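Scroll down for the structure; my scribbles are underneath it.
Throughout, read-outs are computed from the coordinates displayed, never taken from laboratory work. Keep in mind the model is a prediction, meaning the values are calculated, not measured. Neighbour counts are summed over all protein chains in view; Cβ atoms, including those assigned to glycine, are modelled from backbone coordinates with ideal geometry.
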Amino acid sequence: MYKYDNYDQEMVDTRVAEFRDQTRRRLEGKMTEDQFKPLRLQNGLYLQLHAYMLRVAVPYGTLNSTQMHALADIADKYDRGYGHFTTRQNIQYNWIKLEEAPDLLADLAKVEMHAIQTSGNCIRNISSDQYAGAAADELVDPRPYAELLRQWSSFHPEFLHLPRKFKICVIASDTDRAAMRLHDIGIQIVKNDAGEIGCAFYVGGGMGRTPMIAPLIREFVPLDQLITYSEACLRVYNRYGRRDNKYKARIKILVHEMGKDEYARQVEEEFAHLLEQGIEPPLAELERIKTYFQDPEFKTGLTDKADRSDENFARWVDSNCMPHKTPGYVAVTISLKPVGGIPGDASTEQMHVMADLAKEYSFDECRVTHAQNIVLPHVEIGRLNELYGKLAEAGLATANIDHIGDIIACPGLDYCSLANARSIPVAQKISQRFAENGKGETLGQLKLKISGCINACGHHHAGHIGILGVDKKGTENYQLLLGGSEAEDTSLAKITGPGFDEAGIVDAVEKAADVYLAQREDGERFLDTYRRIGMDPFKEALYA
Amino acid sequence: MKILTGNDLLTGLVTWWDGQGWSPHVDDAVDVGDEAETILAREEAARRVNASYAIEATRDEAGKVRPAHIKDRVRALGPTVRPDLTLKPAEPEALNWVI
Amino acid sequence: MPDNLGTSPNEVQFRFREDEVVDHPAVTVDSFLDQSNAAAVRIEPGDDTRELLPHLGRIKLVEVNFPGFMDGRGYSAARVLREAGYEGEIRAVGEVLIDQLAIMRRCGFDAFAPADMLDETDAERAFGLWDNVYQKTTDGRAPIWQKRHG
């Protein structure tokens, strides 16, 4: 994985010094909170319900064991012994003190990490496929392109005061595991008819209060124009994105109101102009970055069979292991969704365990997924039994990836100052319900996603089943949505009808699941059945 | 009654205006009547509180203060999904108070 | 809109130019396009900077106004001017704060007339904080990728 050189290290160190000075000026009264807030946000520091919250960037979701250990140490030293992995492949801490935040950032910098631009109206952490470099179906490893974009977008002087936040995702396979088309810019690395590698640009997707699927803006941008084209996309947005209404300020609204063809035309005009400005790093820079993403030294002649005699182990393999491009290996997903647990939370001890296992079993690498789990990308099939045993000991062997218990949930009203309703207790009750009634496994792939407010951090629009928490005259109420998908068959979920209280929403999810079980045809997932039979049968069951 | 709340500037922890200063306990909150704006402006300027605002609340006969909105009740207690991290880790029934 | 709305030279707190401070009342973009003798123009966030490009030869000063520091359109405005070859003064006016100074420099601003005077020591630190940069702009600084590859 990528290693900082002296320049990269100097940039994050300088950033720590800058934030230390900004914090000093705030505490000395030289800055108002209104002036300080955007600065702390661009260093990942929010003020939430109970305390400051710090969001640490995990660029394209990739971590080594030293970094994972450091994240665990930070949870102990500056927080209350745990962290929360997020839907943008980052980690956040809930109990941070402003006065200690500069020291925390300095600790992060020691392991080549930072919290730069994890919030605020700027280009955020670049997300990617959690199986990058491991997936059998990828064209190339997308991460070097993401790293190139990371450096370009970090401290970009023109784009630190955008109309709104800006999220970029890079993938390199037709299977979308990163919700690419639900980003402000989604980039798919593709091969053109001439066999050259380049980038397809999808612009103007997003969830939030006005969910939209990004349209294709340009089919092919040559690799040596990637940064220039991105800059053109951003400049058109910075100049014309709406600033009169924060709810209409995302690029999806601009692309929608302007029309994708007109937006694309303006980008082309800006692009032609910028091509003459020489702002593109040479391909040699991309090549330099690529050297850090070469395959580890995979062994050959490995067994492709694990001992499946233990039923629990076999079930775990079937749900948590993903085919690898190299024979004898799999990518293992560690579920952070134990039955009744808090989705995405990991304790200090669990982080240390995952770091150790990444070192021992996966060439010192792990990944954070947008579904709030952790991946060990390169594990020998022959060592799976051993790994499973160690995960089980740490309470990390839940076998439920992409099943109904593998719920994405935002922090909700338990932590978040924007939330209208709690998300986590609903997730806990649903995972318990389906563990108790035994239907969880029978249901197969069923992606359930819960947001505690319309901002949709819990991706409810993209859930096969989505739940949106709202405030109904001072009490928590939950709307049910069906039919969303964040994958290559991207679709937006639709509301079933009137909302439910907390107990009611758990029952409603079970009723919806029962409709599927009764009506499914061979090989159909919940989503397929919904698409075939439509909303009506579900409504009948829910509101009869 | 009208009470004042915010977060401590340095630690970010939830605080309630008790008439003299800021307390972590909602039951210490006092009715500020129509003084809210004056007190908040002064306290913000002195950097003794951050992100402060006034809310409606009631006080029962036992002196317990209950903020009108669930969000402020969550703030007053702590995350309901981590009773161990709330202000009342030994009183699981406190969670019912939030709802 | 009053025609004469520019800042005066004594309001300029920081300047990175050797030539004499332009003391010419700046007019709005619309007024500028209507009259042939104006040499100073003020760009508001909603103005289209590109309309000025045919007239760069007679412009000595462009003021870019930041009515609020969170509105970042002025950064693009300055870059568009520099990329088109404009070499005159670009003055940031309005809500210009310490932590915006360095990035404004990078986008082509070379004079600063903040509505509220800034602390000189803090400003000096801000201007000199970043020894290196990741992006190429027209400010003449070699980006990190250029240093890496000679």
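With one equal scatterer per alpha carbon and no solvent term, the Debye-computed log10 I(q)/I(0) for segment A:449-509 at 0.13, 0.23 1/Å reads -0.29, -0.84. Here each label is just a point 7 Å from Cα along the line to Cβ, and for A:L283 and B:Y53 those points are 5.4 nm apart.
Along each principal axis, taking the top coordinate minus the bottom one, the Cα set of segment A:311-393 gives 35, 28, 24 Å in descending order. Here segment A:126-197 is described by how far its Cα atoms reach on the three principal axes: 39, 24, 20 Å, from widest to narrowest.
Given +1 at the Cβ of Lys and Arg, -1 at the Cβ of Asp and Glu and no other charges, the dipole of the protein assembly as shown around its Cα centre is 800 debye to the nearest 20. Using the average count of surrounding beta-carbon atoms within 10 Å as a protection proxy, the listed peptides A:430-440, A:152-162 rank, highest first, as A:152-162, A:430-440. Legend: mean number of C-beta atoms from other chains within 10 angstrom of residue C-beta atoms, peptide A:312-319, equals 0.
Extension gain for the segment A:E297 to A:D522, taken as residue separation times 0.36 nm less the Cα-Cα distance, is 76.9 nm to one decimal. Each of A:E436 and A:E269 was given a label point 7 Å from its Cα along the Cα-to-Cβ line. The distance between the two points is 6.2 nm. In summary, the aspartates and glutamates within cross-link reach of A:K299, defined as a Cα separation below 12 angstrom excluding same-chain residues under 8 places away, comprise A:E380. Partnerless cysteines in the protein assembly as shown, where a partner means another cysteine C-beta under 4.7 angstrom, comprise A:C122, A:C169, A:C199, A:C233, A:C321, A:C366, A:C416, A:C453, C:C107. Viscosity 1.002 mPa s, temperature 20 °C: what is the translational diffusion coefficient of segment C:26-108 from Stokes-Einstein with a Kirkwood Rh over Cα pairs, rounded to a whole number of µm²/s? Roughly 169 µm²/s, to the nearest whole number. By the count of other C-beta atoms within 10 Å, a proxy for reagent exposure, A:E257, A:E270, A:E521 are ordered fewest to most as A:E521, A:E257, A:E270. What is the projected area of the convex hull of the Cα atoms of segment B:2-98, averaged over all directions, in nm²? So the mean shadow area of the Cα hull is 6.2 nm². With all pairs of different C-alpha atoms in the average, the Kirkwood value for the hydrodynamic radius of chain C is 15.8 Å.
Inter-part distance, segment A:273-306 to segment A:409-470, computed on C-alpha centroids, equals 36 Å.
Taking one quarter of the surface of the C-alpha convex hull of segment A:408-543 gives a mean projected area of 7.7 nm².
Peptide packing: for A:366-375, A:391-400, the average count of neighbouring Cβ atoms within 10 Å per residue gives the ranking A:366-375, A:391-400, highest mean first. Take the Cβ atoms of A:T475 and A:K305, set R0 to 60 Å, and the FRET efficiency comes out at 0.65. With a 10 Å cut-off around each Cβ of A:93-100, the average count of Cβ atoms from other chains is 4. Cross-link check: pairs A:K165/A:K260; A:K337/A:K429; A:K260/A:K449; B:K64/B:K88; A:K252/C:K136; A:K305/A:K337 evaluated at a Cα-Cα cut-off of 22 Å; pairs beyond the cut-off: A:K260/A:K449; A:K252/C:K136; A:K305/A:K337. Dipole orientation for segment A:174-322: of the candidates A:H256, A:Q225, A:G301, A:H256 has the Cα lying most toward the positive pole (charges on Cβ; Lys, Arg +1; Asp, Glu -1). For a label point 7 Å from the Cα of B:A62 along Cα→C-beta, name the residues of segment B:5-30 whose backbone N is under 18 Å from it. Only B:25-29 fall inside the zone, counting backbone N under 18 Å.
Here A:K3 is the anchor, and the lysines within straight C-alpha reach of less than 16 Å, apart from those fewer than 8 places off in the same chain, are A:K110, A:K290. Of the residues A:M180, A:M113, the one with the fewest other Cβ atoms within 10 Å heads the list, and the complete ranking is A:M113, A:M180. The distance from the alpha carbon centre of segment A:196-231 to that of segment B:11-38 is 49 Å, rounded to a whole number. Counts of other chain beta carbons within 10 angstrom of each beta carbon in peptide A:358-370 average 0. In chain A, the alpha-carbon atoms span a convex hull of 158 Å³ per residue. Evaluate the Debye formula for segment A:6-110 with equal point scatterers sitting on the alpha carbons, no solvent, and hand back log10 of I(q)/I(0) at q = 0.11, 0.22 Å⁻¹, in q order, two decimals. These q points yield log10 I(q)/I(0) values of -0.33, -1.31. Ranking A:P282, A:I96, C:Q100 by Cα position along the charge dipole of the protein assembly as shown, where only Lys, Arg, Asp and Glu carry charges on their C-beta atoms, puts A:I96 farthest toward the positive end. Among A:451-461, A:91-101, sorting by the average number of other beta carbon atoms lying within 10 angstrom of each residue, highest first, gives A:451-461, A:91-101. Each label was represented as a point 7 Å from its Cα along the Cα-to-Cβ direction; for A:D244 and A:D507 these points are 4.7 nm apart.
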